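Below is one structure, written out as structure tokens, with a few remarks after it.
The values are calculated or read from the model by the stated rules, or taken from the named source; none is laboratory data. Note that the structure is a prediction, hence the values are computed from the model and not measured. Neighbour counts run over all protein chains shown; Cβ positions are idealised from the backbone, glycine included.
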């Protein structure tokens, strides 16, 4: 399986976040462990990296977040084309969602990956790509 992991899941994992009821960090941890165990693929884009840079240093992103998956051979960077950006803007306008969320959905679709996210906007993009929360995978 291929998964495109939205920024909020990486943050849940690193900060071991909870929503008061559910252990979101633990769900993300279990998801990443399962991906490595099954030798699935985790996709990310420069959009994810740029969003992560708002909270974390580039060194932390590369050495702490990405390195275990990269060492396991399950991490894949996907590119962003002008056509994908243009489509994302159109979808965002039509569906009233952030352009970034529309782009995550398009990148997932175009890379034959399930979008792993808990962003409510992504639920509105299920006609573009299959969307699951980390605890719903495997």
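Tell me whether the stretch 73-90 contains one or more residues that are farther than 23 Å from residue 112 by Cα and out of contact with any strand residue (DSSP E or B) (no Cβ under 6 Å at 6 or more places or on another chain). Steps first, answer last, please.
Residues of the stretch 73-90 farther than 23 Å from residue 112 by Cα: none.
No, because not a single residue in the stretch 73-90 is farther than 23 Å from residue 112 by Cα and out of contact with any strand residue (DSSP E or B) (no Cβ under 6 Å at 6 or more places or on another chain).
Give the stretch 108-125 a look and list any residue that's more than 25 Å from residue 26 (Cβ to Cβ), in a loop (DSSP other than H, G, I, E, B) and either free of Cβ contacts under 8 Å to residues at least 12 places away in the same chain or in contact with a strand residue (DSSP E or B) (Cβ under 9 Å, 6 or more places away or on another chain) (or both), or say none.
111, 112, 125
How many residues does the stretch 66-94 hold that are in contact with a helix residue (DSSP H, G or I) (Cβ under 6 Å, 6 or more places away or on another chain) and part of a helix (DSSP H, G or I)?
The number of residues fulfilling the criteria is 6.
Across the stretch 102-119, what is the number of residues that are modelled with pLDDT of 95 or more and surrounded by fewer than 22 Cβ atoms within 10 Å (Cβ to Cβ)?
Number of matching residues: 6.
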